[in-house]
Amino acid sequence: MTRLFSDVRFLDPQKHGQLNWECLKSRCPSSCCNVPDRTFVVLEELVRLSKYFPIVITVEVDHIGREEKLLCAYFRLKEDKKGCVYLKEGLGCLIEEEKPYTCRQYPFLIRENYLAADFTCPGFSQDVGTPVWNKESINPYFESDFFLYSLKLEEGKAQTEEFLKTLFDLDLIVGGKLTYETIDVSFNMVDEKRLLELPKDILREFYHRGYLRLVYAHLNSLQNWEKLIKRYLKP
């Protein structure tokens, strides 16, 4: 299976001056909508995405043992090979205008404050598609429709990390489990009982910082696990 972001390169108008790109949609041999089972999200999009995906707290460890706490939206069960639950054959993404920022930016991104692209995407070509460069400047189409969302992700990381650190520091994160028919899913979630037992001054701060709204968006999003499970069980 294709590993997304396995060939990321910085974009250079000298090296890539003739580079074009187009989304191959149903013609794509390695659709980015089929590969991942989840993506990280930032606070700015949590409430919006909670209508569509289960959004949970994950702790990932990198190759040197550092922990990273993330908010993740799940597109499908890991065992489900059908791709994102909102990908429909012949139509594409059913939530095009509301999909996660990571989806909207791909295959372009901002890395180390420079424009970059994931060349594992087969949509790059020198023959067809939209030119990536307009002389020495990036094509305004890619700036507004792709890099804008990459910038939103970069800008939202620190705020999201602070939110998650607060939840962990207050010992509000617990393991959750949902069972539907024959399928069990496990995840990390905020314990509502512990939340409501917090001192009133901390709860007031949660309210004024918008944290309460975000926590309940996360908790309400967990009902979307059933949607993913039903799709997986469907023949």
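The values are calculated or read from the model by the stated rules, or taken from the named source; none is laboratory data. Predicted model only: the values in this text are computed from it and were never measured. Ideal geometry is used to build each Cβ from the backbone, glycine not excepted, and the neighbour counts take in all protein chains shown.
Which of (1) over 29 Å from GLN223 (Cβ atoms); (2) touching a strand residue (DSSP E or B) at 6+ places or on another chain (Cβ under 6 Å) does ASP7 not meet, given it meets every other one?
Exception for ASP7: condition (2).
Which one is nearest to ARG76 (Cα to Cα) among residues in the stretch 204-232 that are in contact with a strand residue (DSSP E or B) (Cβ under 7 Å, 6 or more places away or on another chain) and of a type outside the set (Ser, Thr, Tyr)?
LEU228
Pairs under 7 Å by beta carbon, first residue free of Cβ contacts under 8 Å to residues at least 40 places away in the same chain in the stretch 96-108, partner not in a helix (DSSP H, G or I) and not β-branched (Val, Ile, Thr), six or more apart or different chains?
Filtered contacts from the stretch 96-108: LYS99/CYS93.
Working only within the stretch 83-99, note down all residues that are closer than 16 Å to CYS32 by Cβ, assigned to a loop (DSSP other than H, G, I, E, B) and among the aliphatic types (A, V, I, L, M).
Filtering the stretch 83-99 for residues closer than 16 Å to CYS32 by Cβ gives 83-89, 92-96, 99.
Among the residues that remain, those that are also assigned to a loop (DSSP other than H, G, I, E, B) are: 83-86, 89, 94-95, 99.
Within the stretch 83-99, VAL85, LEU94, ILE95 meet the criteria.
Return the only residue of ASN188, ASN220 being assigned to a helix (DSSP H, G or I) and either in contact (Cβ under 8 Å) with a residue 60 or more places away in the chain or farther than 13 Å from GLU44 by Cα (or both).
Numbers: ASN188 fails: assigned to a helix (DSSP H, G or I).
Unique residue meeting the criteria: ASN220.
Can you tell me which of CYS84, CYS32 is under 21 Å from TYR149 (Cβ atoms) and modelled with pLDDT under 90?
CYS32
Hey, which of the strands (runs of 3 or more DSSP E) in the stretch 1-82, taking only ones fully inside, have at least 1 residues that are among the aliphatic types (A, V, I, L, M) and surrounded by fewer than 18 Cβ atoms within 10 Å (Cβ to Cβ)?
Values: elements: 8-10, 38-41, 55-61, 67-74.
Once the strands (runs of 3 or more DSSP E) in the stretch 1-82 are filtered for at least 1 residues that are among the aliphatic types (A, V, I, L, M) and surrounded by fewer than 18 Cβ atoms within 10 Å (Cβ to Cβ), what remains is 8-10, 55-61.
So ASP171 passes all but one of these: (1) closer than 22 Å to PHE206 by Cβ; (2) in a helix (DSSP H, G or I). Which condition number does it fail?
Exception for ASP171: condition (2).
Conditions first: (1) more than 24 Å from ARG27 (Cβ to Cβ); (2) in contact with a Cys (Cβ under 9 Å, 6 or more places away or on another chain); (3) basic (Lys, Arg). LYS152 passes all but one, so which condition is the exception?
(2)
What are the pairs, 6+ residues apart or on separate chains, where a residue within the stretch 32-43 that is touching a residue at least 60 places away in the same chain (Cβ under 8 Å) and within 20 Å of THR120 (Cα to Cα) has its Cβ under 6 Å from a residue that is surrounded by 19 or more Cβ atoms within 10 Å (Cβ to Cβ) and of a type in the set (Ser, Thr, Tyr)?
CYS32/TYR106; THR39/THR102
Name the residue that is surrounded by the most Cβ atoms within 10 Å (Cβ to Cβ), counting only residues in the stretch 127-165 that are of a type in the set (Lys, Arg) and more than 19 Å from THR102 (Cα to Cα). Walk me through it before giving the result.
The first filter runs over the stretch 127-165 and keeps only residues of a type in the set (Lys, Arg), leaving 135, 152, 157, 165.
Then drop every residue that is not more than 19 Å from THR102 (Cα to Cα), which leaves 135, 165.
Numbers: LYS135: 8, LYS165: 11.
Checked the stretch 127-165; the qualifying residue surrounded by the most Cβ atoms within 10 Å (Cβ to Cβ) is LYS165.
Quick one: ASP201 ticks every box in (1) touching a strand residue (DSSP E or B) at 6+ places or on another chain (Cβ under 6 Å); (2) without any contact (Cβ under 8 Å) to a residue 24 or more places away in the chain; (3) surrounded by fewer than 16 Cβ atoms within 10 Å (Cβ to Cβ) except a single one, so which number is it?
Evaluating ASP201 over (1) touching a strand residue (DSSP E or B) at 6+ places or on another chain (Cβ under 6 Å); (2) without any contact (Cβ under 8 Å) to a residue 24 or more places away in the chain; (3) surrounded by fewer than 16 Cβ atoms within 10 Å (Cβ to Cβ) leaves (1) as the failure.
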